[in-house]
1. So who's got an amide H within less than 5 Å of the one on B:VAL333, skipping anything under 5 residues away but keeping other chains? H placed 1.01 Å off N, in plane.
2. Return the equivalent ellipsoid semi-axes of the protein assembly as shown as a descending list in whole Å, where each equals the square root of 5 times an eigenvalue of the C-alpha gyration tensor.
3. List the residues of the range B:104-143 whose backbone N lies under 20 Å from a point placed 7 Å from the Cα of B:LYS189 along the Cα-to-Cβ direction.
4. Report the label-to-label distance for B:GLN228 and A:GLN138 in nanometres (one decimal), using points 7 Å from each Cα along the Cα→Cβ vector.
5. Using per-residue counts of other Cβ atoms within 10 Å, averaged over each peptide, order B:260-266, A:196-202, B:20-26, B:415-421 from highest down.
6. Take the solvent-accessible surface of the protein heavy atoms, probe 1.4 Å, and return the percent of it on the range A:21-164 that carbon and sulfur atoms account for.
7. Around B:GLU392, what is the net charge, scoring Lys/Arg as +1 and Asp/Glu as -1 over all other residues with Cβ under 13 Å from its Cβ?
8. Loop only by DSSP, 15 or fewer other Cβ within 10 Å of the Cβ. Give me the GluC sites (Glu not before Pro) in the range B:348-390 that pass, ordered by residue number.
Amino acid sequence: MKVSYFPGCTLNTTGKGYDTAVRASAAAVGLDLVELSEWNCCGATFPLIIDNMLELAAPAHILVSARAQGVGGSAPLLTTACTTCYNVLNRTNRFIREHLDERDRINSFIESDYSGEVEVKDILHLLRDDIGFDTVGQKVQMPLKGLKVAAYYGCMVLRPPAEVAYDDPDNPRSLDDLMASLGATPVDYPHKNECCGAYLAVKAPEVTREMAYTILRSAHSAGAEAVVTNCPLCQFNLDRRQREMTQLRAGFVPLPVYYFSQLMGLALGLDASGYGWERHYVDARPLLRTLGLWNG
Amino acid sequence: MPAAGFNRRVLIVGAGIAGIQAALDIANSGHEVVLVDRLPSVGGHMHQLSETFPTLDCSQCIMTPRTVEVGRHKNIKLYVYSEVEDIQGGIGSFRVQIRRKPAYVNWDVCTACGACTEACPQQIPVDFDRRLEIARATKSGQLRTIGTGKAIYTLSPQAVPKKPVIDVEHCTWFQKGKCRLCEKVCPVKAIDYEQQPAWFEEQVGAIILATGYELYPLEKLGEYGGGQVPDVIDALAMERLLSASGPMAGVMRRPSDGKVPKEVVWIQCAGSRDPELHMSYCSKICCMYSAKQAMLYKHKVHDGQAFVFYIDIRSAGKRYEEFVQRAMEDDRVLFIRGKVSKVFREGDKVLVWGVDTLTGLPVEVAADLVVISPAMIASEGTRQMAEMLGLEVDEFGWWTEYEGNLSPLETTREGIFLAGTGTGPKDIPEAVSQGSGAAGKVLSLFARWNGGGEGQPQPDGADTGSGGQP
């Protein structure tokens with residue numbers, strides 16, 4: 001199936017490897033991602049101030065591009081692999097559908113007549129419901145045998161549940177189930193939906209460090225040897241903050257933090273060399289080598 | 001309609017404490033009552049409780065005189081383990097179809113000796129004990145987590161009637177075609193694996209619906225472990241653990257390893273007062289029973305620490321506030337004003353993440369046992385009866401009263417009345433008052449049919465004092 005694809009800024013820069021892996025592994029399971037011919041920043045946060053229409057103009061403009069591209073089923077379908085972009089785009093889309101006056105103001109600003117025709121779906125949601133994890137599993141060339149991995153969801157695809165969640169916000173399963181279909185062993189632990197500290201990474205990195213530490217410790221004590229996520233900001237916080245954790249916490253065991261698409265591409269037998277492995281702070285390759293999943 | 005043709009018998013649906021009270025008040029006035037309950041014994045949820053607030057009376061002890069009276073009253077026809085299947089007709093002449101489920105025991109010859117229950121090899125989680133499974137040491141010293149009931153059972157030693165029923169789902173004979181131990185040990189040959197359901201028709205003139213409540217399932221509270229953590233239990237399970245006639249004979253143990261819990265956390269408003277995700281209403285009784293449970297826990301475990309997380313303490317009721325103060329001051333129960341955001345298992349502890357809104361600081365408690373106060377919710381029986389009778393329920397499934405302020409016991413149908421927690425959360429005295437109130441409504445109706453009151457024989461609801469129906 002064909003679907004419009006919005007990479008977003010992170011997947012175009014620091015998360016380039018994630019993006020490469022997403023495109024390749026999506027194509028391998030029959031999900032044809034067509035990048036929007038024209039796109040801009042999504043705004044990076046959904047504004048909570050009700051009269052701040054300007055912040056909605058940027059994501060609305062992306063939705064207009066997706067409508068113009070017209071790729072999808074009965075409605076134009078837009079996907080993204082960045083959970084923040086998904087959160088902003090989906091909520092903006094709903095907001096435009098439900099608020100007629102504000103819709104007019106946004107449209108007059110971006111010179112359009114958009115009324116919410118596009119459907120926004122997170123890529124994991126598409127893989128689960130439109131492709132099917134069973135189908136993904138059937139295409140696996142190299143099962144990720146022995147990889148005990150903690151699926152980490154963060155908040156962007158879960159909260160607020162009524163607006164964005166396609167999974168149980170208190171006990172999400174989709175990423176765990178995807179990992180299982182790739183042959184890995186998902187590890188159940190209670191912090192898969194806790195906050196990673198998000199943007200506090202900029203203002204108060206020590207807060208992010210403590211929050212990330214709680215998540216990693218919980219994953220490790222549940223038996224996980226790695227973490228997998230679908231959120232670039234979570235990946236950054238969980239991975240990069242381990243530098244300080246190693247310095248501050250005696251006995252801290254570093255865990256590699258993968259993007260789901262890196263593991264998916266690997267399991268599907270694709271050329272994984274361009275997946276940005278070298279950009280991880282905690283080297284993501286030794287564990288895979290130990291398990292015989294990596295020859296590079 | 002001639003008053004003489006009106007039937008002066010009464011159907012009461014639900015034999016919890018409200019239904020029991022209504023049944024006794026009507027029966028003692030000389031009128032016949034048909035009392036129906038889906039459980040094998042009367043008593044409802046009050047039968048499960050350990051002690052009652054604010055007096056700490058033993059719940060089963062204070063209700064036993066009532067249940068016994070219900071069981072042997074010449075004017076009360078008791079249908080336990082039965083359900084109302086259909087009701088036709090109207091005020092003065094309802095025809096009621098009742099289906100009695102097969103107990104697989106001939107109650108006419110059963111002497112309630114208990115040999116069958118003792119012989120039953122099953123150890124299964126049972127509804128009456130909130131499906132608790134508790135780790136106990138076996139003879140070899142190994143821990144084994146087992147349920148607290150048998151596949152042939154009576155609800156409690158004080159059950160009325162005290163006659164056993166077979167749980168077909170868990171009976172080895174019904175499931176696997178072997179065992180029949182209960183049949184072998186029964187001295188009076190009462191076991192009857194071929195027993196069939198029985199149908200009965202009753203004629204009544206008025207109906208009282210005392211269909212009660214249930215608790216919001218822990219499975220719907222994912223933030224509190226979603227029912228997957230053994231040492232996170234709901235408040236009725238805690239009542240069973242605390243109860244001297246409960247599965248642990250009142251000795252405080254926690255389910256996962258049978259150890260004495262030293263740090264216990266109570267969480268209020270779990271699913272209540274939460275319009276975004278769960279129920280918007282206050283469940284009304286949780287503040288009081290949690291104070292009571294924490295107090296009872298402290299009486300059993302002197303070096304234990306009890307924490308209660310609350311939004312507000314709602315202790316409106318006679319001697320209720322004093323009771324809560326006693327829990328705080330005499331029993332040193334620590335009340336923390338704030339909600340709990342997450343409960344999860346870590347090692348052999350249950351971590352509770354909350355906030356103390358008076359200091360503004362996050363709080364983490366490494367608890368041994370967590371007791372959730374889930375929202376009270378409308379019972380399945382209410383939904384079924386509402387459909388059967390064409391009566392209205394609100395968006396949560398509670399009965400809609402004819403008029404909430406001045407006609408809280410009437411429905412929109414003449415001759416059908418409400419009592420107890422079917423209309424919404426209530427404590428015991430309130431449920432009992434409503435039982436008596438509904439009985440009074442019925443008797444007032446009968447008195448007017450007899451020409452003993454003012455005006456023409458009128459169905460109730462039409463003249464509830466001044467003005468009448470709009």
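1. So B:VAL333 has HN proximity to B:MET328.
2. 56, 33, 26
3. Those under the cut-off are B:104-117.
4. Those two pseudo-labels are separated by 2.9 nm.
5. Listed from highest to lowest mean packing, they are B:415-421, B:20-26, B:260-266, A:196-202.
6. Working: 3060 of 6090 Å².
The value for the range A:21-164 is 50 percent carbon and sulfur by accessible area.
7. Result for the neighbourhood of B:GLU392: -4.
8. Numbers: sites: B:GLU364, B:GLU380, B:GLU387; in loops: none.
Those that pass, being in a loop and sparsely packed, number zero.
The values are calculated or read from the model by the stated rules, or taken from the named source; none is laboratory data. As the structure is a computational prediction, the values presented were derived from the model and not from experiment. All Cβ positions, glycine included, derive from the backbone under ideal geometry; neighbour counts span all protein chains shown. Keep in mind that these areas ignore ligands, DNA and RNA; they rest on the heavy atoms of the full protein, side chains included. Shrake-Rupley method; radii C 1.70, N 1.55, O 1.52, S 1.80 Å.
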